[in-house]
Amino acid sequence: MHLEHLGIAVSDAAPLAGLIRDLLGRDVYKTEVVEREGVRTHFISAASAGGARPPKLELLEATSAESPVSRHIERRGEGMHHLAFEVGDIRAAMQKARELGIRVLADEPKAGADGKVIAFLHPRDTHGVLIELCESIRTEPEWQHINHGDGSLAVQISGPEGAPPLLVLHGALGSTELETDRLVRHWEQTFRVYALDFEAHGRSSPVAGQTLTFDRFTDNASAVLEAFDLHDVRVFGFSMGGGVALFAALRHPDRISRFAVHGVNVQWDEKEVRDMVFPMAPERMEAAAPRWAQRLADVHGADNWRDLVHRMIDFTRHLPNNPFPDELLQRITQPTLVSTGDSDRYFPLRHAFHLRETLPNARLWVIPGLDHPIQGVDAEAFSNQIANYLLSDG
Ligand code: CO
């Protein structure tokens, strides 16, 4: 259970939205009409860089005189309207309320704003406080393919149109499905999410035979910004995708406003590269980790995955050539969150400290006990922390 948002009834949202902007520097990031409730909703994030998961503000404007919001304003004037609590199972929560003798204002959950189903409790039974129960529902994300070079790049798009754009970049040998989708499920409640499968990975084209480089993967990220004409973009990149995020931030200072990298390294020595490459060899992987090998075959294609692994071994072998000299990192001015596990099997903490020290505008978040694979994070806590950073302005 989580206090998801505070609903505020207003006859016209613009003056209060303007006041909040002037007072607190926060803008409405999403406006949505819920026709059957006769309401136009405007959402404002209250996230800060350090906080856990603060409730949003939902400014409610009536779209007709019969709307419950109009009636509320007539009777009580503008102001606090409801508290919305997010629950994991709204039907169970409604049943619990009924058992407690609280009237639920509908038999079934109804579609609300912000990708939720909702139900209100009768305020007479809850000491005058109108309580909304809500549960997030996921609409099927949409995959789009954009032409790129000789092939195409696959981008999974989800979340409300008009929400701030977030570009999500997976790691080497990863994919959206394999690594980032479980985080996207949370982010798509607040962002319009563009989760890219890098070329030769996941659902994107294999581009057989070509050498894969940071430059090429950064071209992939640029192609997404171009294809969807994205501006004021936030970026999240994991591992190799974090490296790409650094290059992309440098290349697009006008488009990328703020970003977060996790489990990323910018200085490799020969031993670290050997440790990364050793378990990658397909024959070794099939013998030592057959289920993982099968998963890679499922994600990248049975015909493609061995070739991809060989090319990523080649990519990894070139890493000690210092692709991220300090002079380059020092030119990245966007606010950057550097997060890492303190038990990363590949990258000792000193690498994250180096990045934190060298980037002009970075903060460091060290997660205790976490190893390199992003599958190890608590998806909800992690995605909230990242979202709060990306939405904050401090
Ligand atoms: Co609400």
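The values are calculated or read from the model by the stated rules, or taken from the named source; none is laboratory data. Not measured: the values here are computed from a predicted model. Cβ placement follows ideal geometry from the backbone for every residue including glycine, while neighbour counts extend to all protein chains displayed. What goes into the accessible areas is simple: the full protein's heavy atoms, side chains included, and nothing from ligands, DNA or RNA. Shrake-Rupley method; radii C 1.70, N 1.55, O 1.52, S 1.80 Å.
Rounded to the nearest whole Hz, the Karplus-based 3J(HN,Hα) values (6.51 cos²θ - 1.76 cosθ + 1.60, θ = phi - 60°) of region 25-34 follow the sequence x, 10, 9, 4, 9, 7, 10, 8, 9, 10, with x at glycine and proline. Counting charges near Val233 (Lys, Arg +1; Asp, Glu -1) among other residues having Cβ under 14 Å from its Cβ returns a value of +1. The H on the amide N of His148, modeled in the peptide plane, is under 5 Å from the matching H of Leu153, each at least 5 residues off or on a different chain. By the Stokes-Einstein formula, at 1.306 mPa s and 10 °C, region 86-205 with its Kirkwood radius over alpha-carbon pairs has D equal to 96 µm²/s. For Lys116, a cut-off of 27 angstrom between C-alpha atoms picks up these lysines, skipping any fewer than 8 places away in its own chain: Lys30, Lys56, Lys96. What spacing in nm lies between the two simple spin-label points modelled at Arg350 and Glu327, each 7 Å away from Cα in the Cβ direction? The answer from the label model is 2.4 nm.
For the peptides 101-111, 57-67, residues were scored by their other Cβ atoms within 10 Å and the scores averaged per peptide; the highest-first order is 57-67, 101-111. Each of Ser175, Ser257 has its accessible area taken with a 1.4 Å probe; listed largest first, they run Ser257, Ser175. Projected over all directions and averaged, the alpha-carbon convex hull of the chain occupies 21.2 nm². In region 247-394, Rg over Rh equals 0.99, where Rg is the alpha-carbon radius of gyration and Rh the Kirkwood radius from pairwise Cα distances. Here the convex hull built on the C-alpha positions of region 1-121 has a volume of 116 cubic angstrom per residue.
Where only DSSP H runs of four or more residues are counted, the chain gives -9500 deg cm²/dmol as its mean residue ellipticity at 222 nm, each run worth -39500 (n - 2.57). Per-residue packing, averaged as other Cβ atoms within 10 Å, sorts the ranges 151-158, 165-172, 383-390, 203-210 into the order 165-172, 383-390, 151-158, 203-210, beginning with the highest. Over the chain, Cα pairs under 8 Å with separation of 6+ residues give a relative contact order of 14 percent. Computed packing ranks the peptides 330-343, 132-145, 27-40 as 330-343, 27-40, 132-145, most packed first, by mean other Cβ atoms within 10 Å. Quick note on region 156-297: its Rg to Rh ratio, both from C-alpha atoms and Rh being the Kirkwood radius, is 0.99.
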